[in-house]
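Okay, structure first, notes after.
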Amino acid sequence: MGDDSHSWTAAPAAAERARSVLAAAWSCSVTAEGTREELVGAHTVGEDGRVVVEVPEDSALLAVAICVPRGEPSAVLEFADAAPVPVRDRIRSRLWLAGWFAVEGERLVFTPTRVVLRQPSGSVVVDLDEFAAAVPDPLTTAEARLLTHLSDCHADAVERLTRLVDSDSLHGAVRVQPLAVDRHGLTLRIERARTHGDVRLAFHAPADDVAQLTERMHVLLGQATAASCPRALQRQRTDGDG
């Protein structure tokens, strides 16, 4: 694969990933006491992971918050994490928060008592203390813009990055798209005629902002360029003869 550094596959911990999904979500589905409501642009997230919801006066959620004993699980919030670029199966993960609502002023505050994150690798129950203490990935709010720009304006760079992917993973590929990016690495979606798979390219060091991400991407592209050179030429450059 061109460079031994790609054996490092660091990825966000489950709690950080859950908080990132929560931070990026614009909408959510709420199921409570037999009712289901779709909320769009109606929630914000506190530093401790509690969800503050603005609901209309006739919302059934108000009755749930008032009638159910405080602290008793009474609702489930569901958030979907969709890829910002057009790929097959765009839902990258789903996050469920089970817990209870409380009325605080004119708002509802949801306190989670169980957090479940489902990713392609499977579902995991996130520790509540870890969830409360975690912070979203620093690239979360910029991810959609960054991936869309990479897909729309730098298809040549995406193609070059595939040189870092094992040839077996590219067998039968008909399209490759950037699927996700976080401080630890970039994930590519490899689509075949009837199936698809994901490959992660890890950065040599975490990126804490967009400027650092740019540098990390340049390093990956440099490694991809080196990976395409004939082995003899690579050895020559390593020995300082070229």
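The values are calculated or read from the model by the stated rules, or taken from the named source; none is laboratory data. Computed from a prediction, not measured in an experiment: that's the story for all the values here. Note: ideal-geometry Cβ built from the backbone for every residue, glycine included; neighbour counts use all protein chains shown. Only protein heavy atoms, including side chains, enter the accessible area calculation; ligands, DNA and RNA are left aside. Shrake-Rupley method; radii C 1.70, N 1.55, O 1.52, S 1.80 Å.
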Seminar exercise, completed: Within region 112-131, residues open to solvent by less than 40 Å² (accessible area, probe 1.4 Å) and at pLDDT 95 or above come out as P112, V115, V116, L117, V126, F131
Exercise. Does any residue of region 86-97 turn out to be at pLDDT 95 or above, among the small types (G, A, S) and over 30 Å from R194 (Cα atoms)?
Worked result: no
Exercise. Is region 88-95 home to any residue that is within 24 Å of G34 (Cβ to Cβ), of a type outside the set (V, I, T) and out of contact with any Pro (no Cβ under 6 Å at 6 or more places or on another chain)?
Worked result: yes
Exercise. Do any residues in region 156-179 that are farther than 19 Å from A193 by Cα have Cβ atoms under 8 Å from those of residues that are open to solvent by 90 Å² or more (accessible area, probe 1.4 Å) and not in a strand (DSSP E or B), where the two are at least six apart or on different chains, and which pairs are they?
Worked result: L164/M1
Problem set entry | Answer residue from region 65-87, given it is under 16 Å from G49 (Cα atoms) and hydrophobic (A, V, I, L, M, F, W, C) and is most open to solvent (accessible area, probe 1.4 Å) among those | V76
Exercise. Among (1) out of contact with any Asp or Glu (no Cβ under 9 Å at 6 or more places or on another chain); (2) surrounded by 13 or more Cβ atoms within 10 Å (Cβ to Cβ); (3) charged (D, E, K, R); (4) within 19 Å of I91 (Cβ to Cβ), which single condition is R189 missing?
Worked result: (1)
Exercise. Out of all the residues in region 193-209, is one or more surrounded by fewer than 20 Cβ atoms within 10 Å (Cβ to Cβ), within 17 Å of H154 (Cβ to Cβ) and modelled with pLDDT of 90 or more?
Worked result: no
Seminar exercise, completed: Per the filter on region 1-40, residues of a type in the set (V, I, T), open to solvent by 20 Å² or more (accessible area, probe 1.4 Å) and at pLDDT 90 or above are T31, V40
